[in-house]
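The values are calculated or read from the model by the stated rules, or taken from the named source; none is laboratory data. No experiment lies behind these values; they were computed from the predicted model shown. Cβ sites come from the backbone with ideal geometry, for glycine too, and all protein chains shown count toward neighbours.
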Amino acid sequence: MSEINKKLKLMLICVALASPTALRAQSFEVQKFDIGGNGDTDYITAEPGSGRVFIPRSSHVMVVDGRTGKVLGDIADTPRVHGIALARKAGHGFITNRGDSTVTMFDLKSLKVIHKIPMSVNGLDGIMYDDFNDRVVLTNHSMPLGTAVEIDATTGNIVGTVELEDTAPEGAASDGKGKLFVNNEHKNTMQVIDVATMKAVASWPLAPCEAPTGIAMDRASSRIFVGCNRQSVVVDANSGKIVATIHNGDGVDALGWDQKEQLIYIPAGRDGTVTVVHEDSPDKYTVVATVNTMRGVKTIAVDPVQHRAYGFVPEFGPAPAPQSEVPVQGPSGSANSGSPGPMIAAWLFAIGH
């Protein structure tokens, strides 16, 4: 397989800083690899410390060395895959498959599938690992209401389900003390779940955030970072109060957090940028860089051990010309819609400094 490794050593221009004591602009190195393979993508996952990056590709999951772009393995039979969670204590990984409403449970070392877990809910989407109780949490675009489902990371057994207030729950974060926080993209709210009872115990409005998706938490400061289009927010995990806003690009679908470096990474798929933000204090945040990637990089994964962030996007050529003068109706009803051209590259971006 051919490999392209471009080191772009960018000195990035940041917004003007209002305070004379604020952090200065930081420079980031961007590596770009063409990893090949087929299929579109959604939530990617980085394994802390190993350099492995798990990338969903519509019907399979590619495992790539983020330092070199080398493909290390592939997990097949994951129809309409959306995300991957890694439960390293149990030695297992989990993959959400919306196409057949199953979760693939696999061995982290060998990447061999252990079994597929059938789900009683549909709309499988987000997934994360909760170290508080060694469980994997799914956030599902179920109908008639969205759901959060917990799976035992050792056995693969389903241990709890809670109904949410929105059909489009997105990311989830854990405080490590028995509470989960879930973003609701359509209602612009965050719900708080008590994992002991698997019940939603609070709902917090997130205005001025629009379409909250990505989420991460600084447990030390009890602050939750919520990725939103153009303007993200920081939430006090104790009160639900919005304590800060962050200006970023458009088309956010995830965010990443590096605890040691106190850096938040917010990708913008429509703008092709990643906004990097430093947590100066629990209620003060400074944009330190805007990293250029490319249009379509909307999710991100951070390795908090190697201090690298990863984004991914397939690049497609122009759509084929229609075979006749009669417009062909695509899936959405518009002429020739839903028919991209052939894939010409599959770009993995690795961001570090």
Checking the structure you have, find out if any residue of the stretch 62-77 is in a loop (DSSP other than H, G, I, E, B), among the polar types (S, T, N, Q), over 16 Å from PRO314 (Cα atoms) and modelled with pLDDT under 95.
no
For LYS109, all conditions in the list (1) touching a Cys at 6+ places or on another chain (Cβ under 7 Å); (2) without any contact (Cβ under 8 Å) to a residue 24 or more places away in the chain hold save one; what is the number of the exception?
(1)
Looking at (1) closer than 20 Å to THR78 by Cα; (2) without any contact (Cβ under 8 Å) to a residue 40 or more places away in the chain; (3) under 22 Å from the mean Cα position of the chain (by Cα), which one does ASP166 not meet, given that it meets all the others?
(1)
Selected residue [under 22 Å from MET128 (Cα atoms), modelled with pLDDT of 95 or more and in contact with a Ser or Thr (Cβ under 9 Å, 6 or more places away or on another chain)] from ALA254, ALA289, ALA309:
ALA254
Residues that are of a type in the set (Val, Ile, Thr) and outside any loop (DSSP other than H, G, I, E, B): does the stretch 166-184 have at least one?
yes
Could you please let me know if VAL149 is modelled with pLDDT of 95 or more, surrounded by 22 or more Cβ atoms within 10 Å (Cβ to Cβ), in a strand (DSSP E or B) and in contact with a Leu (Cβ under 6 Å, 6 or more places away or on another chain)?
yes
Which of the residues that make up the stretch 254-268 are among the small types (Gly, Ala, Ser) and either in a loop (DSSP other than H, G, I, E, B) or in contact with a Cys (Cβ under 6 Å, 6 or more places away or on another chain) (or both)?
ALA254
Residue among ASP236, ASP166, ASP218 that alone is within 18 Å of GLY126 (Cα to Cα) and acidic (Asp, Glu):
ASP166
If we ask which residues in the stretch 281-295 are touching a residue at least 40 places away in the same chain (Cβ under 8 Å) and more than 17 Å from ILE224 (Cβ to Cβ), their number turns out to be 9
Here's a check for you: in the stretch 269-290, which residue that is part of a loop (DSSP other than H, G, I, E, B) and of a type in the set (Gly, Ala, Ser) is farthest from VAL233 (Cα to Cα)?
GLY272
Would you check if there is a residue in the stretch 164-182 being farther than 18 Å from PHE132 by Cα and of a type in the set (A, V, I, L, M)?
yes
The stretch 78-97 - residue that is more than 16 Å from the chain's Cα centre (by Cα) and hydrophobic (A, V, I, L, M, F, W, C) and, of those, surrounded by the fewest Cβ atoms within 10 Å (Cβ to Cβ)
ALA90
